[in-house]
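Comments concern the structure below.
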Amino acid sequence: MSFTIMQKLSLQRLIPEQPLLTIIRNAKKKTGGSTRNRIGHTRPKHRGWRVQDSHYVSEGTILATQRTTRFHPGLNVGFGRDGTLFAMEHGKVYVTCEVADPNWDHTWIQKNYASRQGQTLYKKYFNVIPEEQHQRFRLIDEI
């Protein structure tokens, strides 16, 4: 195919030899945060029960997180340094309300329960009852 000179000139006007320049606009300022995001407002810790009553748990499962001792450790339940209750064995969780017998000589007990001395204290206890073991083994001979 051969083009005439006029056709070549019109094609050169449509398709320039130099590439087009693209202009990109960036923001002049960073976006500002919300005015309600004040300093000192941290995310909530979501403390409280992690496992409900009559659920099955495995060893090491966190049962409850707390700042003060709202819940107390019962059978097969450990008490962490920060007040976390965790299961020490596999089993079923039972939450019971029992009469607490605190050591009144302890300073922490005096600080928190000084006004309630002489009264009956009821507290929630987390208990983990282990699953029953299978009875497939028999004792054949004692050493």
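The values are calculated or read from the model by the stated rules, or taken from the named source; none is laboratory data. Quick caveat: nothing in here was measured; it's all calculated off a predicted structure. Note that we place each Cβ from the backbone using ideal geometry, even for glycine, and neighbour counts take in every protein chain shown. Keep in mind that these areas ignore ligands, DNA and RNA; they rest on the heavy atoms of the full protein, side chains included. Shrake-Rupley method; radii C 1.70, N 1.55, O 1.52, S 1.80 Å.
Please identify every one of the chymotrypsin sites (Phe, Trp or Tyr not before Pro) in the stretch 49-143 that sits in a loop by DSSP and has no more than 10 other beta carbons within 10 Å of its own beta carbon.
Hits after loop and neighbour filter: PHE137.
With all protein chains present and a 1.4 Å probe, how do LYS45, LYS123 order by accessible area, largest first?
Sorted descending by solvent-accessible area, the residues read LYS45, LYS123.
Would you mind counting up the charge near GLY91? Only other residues with Cβ under 15 Å from its Cβ, with Lys and Arg at +1 and Asp and Glu at -1.
Working: positive: LYS92; negative: ASP53, GLU59, GLU89, GLU131, GLU132.
My count for the surroundings of GLY91 gives -4.
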